[in-house]
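Accompanying notes for the structure given below.
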Amino acid sequence: MTGLGEQILFWVLGPISVVAALGLLFAKKAVHAAICVALVMVNLGIFYLAEQAPFLGVIQIFVYTGAVMMLFLFVVMLIGVDSSDSLVETLRGQRWAALLLALGLAVLIFTAVGTVTFGPMQGLDDVNNGAGNVSTLASLIFGQYVWAFEITSALLITAAMGAMVLAHRERLGQRPGQRVWAERRVRSGRNVAGLPAPGVYARSNAVDTPALLPDGTPSELSVSRVLVAREQVTTPVPYITSAEDVEGEIEEGYER
Amino acid sequence: MSNATFALEALTGIPQHLAALAPATTDNPKADFSDTPWWLSLVKALLIFVYLLLSTLLVIWFERRVIGRMQQRPGPNRTGPFGLLQTLADGMKLMLKEDITPAAADRVVYSLAPLIAATMAFVSFAIIPIGPDVWMFGHHTPLQLTDLPVAVLLVLAVAGIGVYGIVLAGWSSGSTYPLVGGLRSSAQVISYEIAMGLALVAVFLYSGSMSTSQIVAAQSSLWYILPAFFSFVVYVITMVGETNRLPFDLAEGEGELTGGFHTEYSSMRFAMFYLAEYINMFTVSALATTMFLGGWQAPPGIAAINSGMFNHGWWGILWFTIKLWIFMWFFVWLRGSLPRVRYDQFMRLGWKFLIPVTLAWVVAVAFIRGAQLGYLGDSTVGLVGREFPVATLVIVGVIAALALGATWVWEGKQADKVARESAPPPERIDPYAGGYPVPPMPGQELVEPSPAISGSPTPVALKEDTRG
Amino acid sequence: MTNPYVPLLFLLALGAGFAVLSVGTSLVVGPKRYNRAKLEAYECGIQPSPHAAGGGRVPIKYYLTAMLFIIFDIESVFLYPFAVAFNQLGLFALVEMVLFVLTVFVAYAYVWRRGGLEWD
């Protein structure tokens, strides 16, 4: 029999895990789904802790929060931050077919799990209070399962190759650094001192307001080309006129 | 067995008497909590909580004062004696400020993120041993909230969950700067977490346990900062990276990302991130103290006084706090002295230097330990009146030779570089040779400007150039 | 108290309670004077762009970093029990671990050579 505390824990965290798992399926935003996965993983880790497997439990949290973080980034990166699932069916009748298959799978799993008979519970008390949980695990990894352990390293190589193939872009030339850029500017003799800074006015000093050239025309160079492309550049005209108004006031003051 | 323990046994399902039976060769915690009723744990949790909050109030004042001194200005000195209440006043002010949620924000996640960050910051401190066993309310109990066979890993795992606070804050704000800041921060933390975890492996090799009380007990004769000195260096670097502090505070570099992931936050939600940052600093410092500086144990000279009088009872808190604040001072000192690094430099340091070198160090320590334990042969040799295992000497010799060789190669390269750069400048210089005027070095003679000046590439353009 | 996790829950509850309480208090006592400009994303004074940077997409570079993180994470997960139990394991485990580290190092060297560690 399991203890009362463990039962309470199970009946509190179990439903939370199920709800979170369902949230993974039904959340519209990809990031919400990723958060749900993280919650399920943390809950699983806590279950392992309750099952007297502290190393496994902590590693579950340690690795899977990292892994879900990767998934999270992957999701954000691939499909954009704000995108949501489209609920339009692309294949006709797909929803019903999926439901039917899911039901079949559920029946299969339940019948399979239902026929399992459990032996008497052994518990990990002897192991945990003897050499200790981690040491015993280590003697298993480096004893009975040493071959599987070594194979894991091959798996990790595969993972690295896969990530490189999927996500790495070869660069053909050397990427110009800060120094190279500076030298290039001097050699070409253009904008040697860097590009001009945006305008600073009494009422605005944001990067979208161009500076004025000596002849009074706004300098396009002083605004980031991204803002120019987005057509987010404001004109300095109102600031100039308001400055002229102020000047007039001052001059009036002189005359009086 | 009292009523309370019986109820607890029913609650937890773990027999109370088993914990005392642990044999010596185990990686289980050494701290004995069998005489700690649940209410005492609650009291201890409350004390740790208050300790952390007070320390945070104090360290923010401390940081501002010390940085003030480093920059030759007084720092906050008006609110309360020496300005000590400044942080409290700031906190109160933040509480009375408007809490803004941007229109584009994801409201639930936006509210959740600061709560995750702050809550997770508190948890890790539970496994830090603050002192030895003391008598508290008639019970003999260690000055440590709890301990696990995997206590140190728990800190790393909880830190991993804490990052979610940052990355979710960045995402949910629905704004550019926070998004970039959150992504940067998560990439930064995961990159440095590897090196940190690897650095700790060397300590585990010596201590034979991941429980913090065991690690402290194992350092009673020798602090691990000596045998694992390289791990200590790596740990100190990575702990700065992990906590997003200068010079590694790229996630919130104000010059490029305004406030980073918390740009959109205001009022108490912002304060939660601030609090989490400082408590995380305390946690990593406390872990460094525990892993490398002997935890709550008195420094070697003092420990010997009066047959270890200062190593018992409540004295532990004093030593622990002193060591903790040495690290906090170091954080402040770094912030006062170093500029922020560039992001690619930061990632290069993490991935191309810290990780491979720490991995090599761990393997080296494994060999040294193996030699000490006699895995590599038992023959010993007498040197200066003491017996040394041959294997240890050989391994240490090989490692020393490798390190020497590497330094030699590196120094040679550095010397070449210096020689190339410090080659004496030519005696005569044509200031317009490159098309632009270059001032002469001291002792250089100027060539008269040649007519090439008229043929220099482009005079200053009156018309605006196109973007180059 | 022999269940070591219950005190953790205490501290967790204290931290969570403090966070919720202080955020809640500031929601109650803080002023609420909303206007539209206040609710816009902060972009240092320029017109805020409708979406976060790059149409909400971020460089695929981060994926590579995350994947490498997992690889080294798993390596260190194996190193922990090895380190803890080293004084009981013996020479065989040491050799095995060196082989393992070398194999994973092949992956690392490959990624480095291909330029996967360059950040630009």
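The values are calculated or read from the model by the stated rules, or taken from the named source; none is laboratory data. Worth saying up front: this structure is predicted, and the values here are computed from it rather than measured. Virtual Cβ from ideal backbone geometry, glycine too; neighbours counted across all protein chains shown.
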Residue list for the stretch A:134-149, restricted to those being closer than 20 Å to residue B:214 by Cα and more than 9 Å from chain C (Cβ to nearest Cβ): none
Single match in B:173, B:220 (criterion: over 24 Å from residue B:112 (Cβ atoms) and of a type outside the set (A, V, I, L, M, F, W, C)): B:220
Selected residue (only one of B:209, B:213, B:231 is among the hydroxyl-bearing types (Ser, Thr, Tyr), touching a strand residue (DSSP E or B) at 6+ places or on another chain (Cβ under 9 Å) and buried (at least 20 other Cβ atoms within 10 Å of the Cβ)): B:213
Meets criteria (among the aliphatic types (A, V, I, L, M), crowded, with 17+ Cβ neighbours inside 10 Å and touching a residue at least 24 places away in the same chain (Cβ under 8 Å)) for residue B:60: yes
Residue, nearest to the other protein chains (Cβ to nearest Cβ), within the stretch A:51-63, restricted to residues that are in a helix (DSSP H, G or I) and either of a type in the set (Lys, Arg) or surrounded by fewer than 21 Cβ atoms within 10 Å (Cβ to Cβ) (or both): A:63
Boolean, residue B:265 is within 26 Å of residue B:53 (Cβ to Cβ), in a loop (DSSP other than H, G, I, E, B), in contact with a helix residue (DSSP H, G or I) (Cβ under 8 Å, 6 or more places away or on another chain) and within 14 Å of chain C (Cβ to nearest Cβ): yes
Every residue from the stretch B:67-79 that is surrounded by fewer than 19 Cβ atoms within 10 Å (Cβ to Cβ) and under 31 Å from the mean Cα position of the chain (by Cα): B:67, B:68, B:69, B:70, B:71, B:72, B:73, B:74, B:75, B:77, B:79
Lone unmet requirement of (1) outside any helix (DSSP H, G or I); (2) over 23 Å from residue A:54 (Cβ atoms) for residue A:162: (1)
Check on residue C:53, modelled with pLDDT under 75 and facing chain B (nearest Cβ under 7 Å): yes
Flag if residue B:332 is within 28 Å of residue C:98 (Cβ to Cβ), in contact (Cβ under 8 Å) with a residue 40 or more places away in the chain and crowded, with 18+ Cβ neighbours inside 10 Å: no
Close pairs from the stretch A:175-188: first within 21 Å of residue C:117 (Cα to Cα), partner of a type outside the set (Gly, Ala, Ser) and surrounded by 11 or more Cβ atoms within 10 Å (Cβ to Cβ), Cβ under 7 Å, at least 6 apart: A:175/C:120
The one condition in (1) more than 30 Å from residue C:85 (Cα to Cα); (2) more than 14 Å from chain C (Cβ to nearest Cβ); (3) surrounded by 12 or more Cβ atoms within 10 Å (Cβ to Cβ) that residue A:123 fails to fulfil: (1)
Only one of A:152, A:241 that is facing chain C (nearest Cβ under 8 Å), assigned to a helix (DSSP H, G or I) and among the hydroxyl-bearing types (Ser, Thr, Tyr): A:152
Only listed residue being within 11 Å of chain C (Cβ to nearest Cβ) and within 22 Å of the chain's Cα centre (by Cα), chosen from B:165, B:170: B:165
Residue ID - surrounded by the fewest Cβ atoms within 10 Å (Cβ to Cβ), chosen from residues in the stretch C:73-120 that are part of a helix (DSSP H, G or I) and among the charged types (D, E, K, R): C:113
Residue satisfying condition, being in contact (Cβ under 8 Å) with a residue 12 or more places away in the chain, over 16 Å from residue C:44 (Cβ atoms) and loosely packed, with under 11 Cβ neighbours inside 10 Å, within set A:211, A:202, A:229: A:202
Scope the stretch B:355-377; condition in contact (Cβ under 8 Å) with a residue 40 or more places away in the chain and polar (S, T, N, Q); matching residues: B:358
Residue check for residue B:225: touching a residue at least 60 places away in the same chain (Cβ under 8 Å), surrounded by fewer than 24 Cβ atoms within 10 Å (Cβ to Cβ) and not basic (Lys, Arg): yes
Complete set of residues in the stretch C:85-100 that are more than 20 Å from residue A:132 (Cβ to Cβ) and touching an Asp or Glu at 6+ places or on another chain (Cβ under 8 Å): C:96, C:99, C:100
Whichever residue in the stretch A:183-194 is at pLDDT below 85 and small (Gly, Ala, Ser) and, among such residues, is surrounded by the most Cβ atoms within 10 Å (Cβ to Cβ): A:189
Whichever residue in the stretch B:268-296 is in a loop (DSSP other than H, G, I, E, B) and either of a type in the set (A, V, I, L, M, F, W, C) or free of Cβ contacts under 8 Å to residues at least 24 places away in the same chain (or both) and, among such residues, is nearest to the other protein chains (Cβ to nearest Cβ): B:296
Conditions (1) over 19 Å from the mean Cα position of the chain (by Cα); (2) free of Cβ contacts under 8 Å to residues at least 12 places away in the same chain: number failed by residue B:157: (1)
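Let's see how each residue does on (1) within 8 Å of chain B (Cβ to nearest Cβ); (2) modelled with pLDDT under 90; (3) within 23 Å of the chain's Cα centre (by Cα):
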{"position": "A:9", "(1), (2), (3)": "no, yes, no"}
{"position": "A:26", "(1), (2), (3)": "no, yes, yes"}
{"position": "A:39", "(1), (2), (3)": "no, yes, yes"}
{"position": "A:65", "(1), (2), (3)": "yes, yes, yes"}
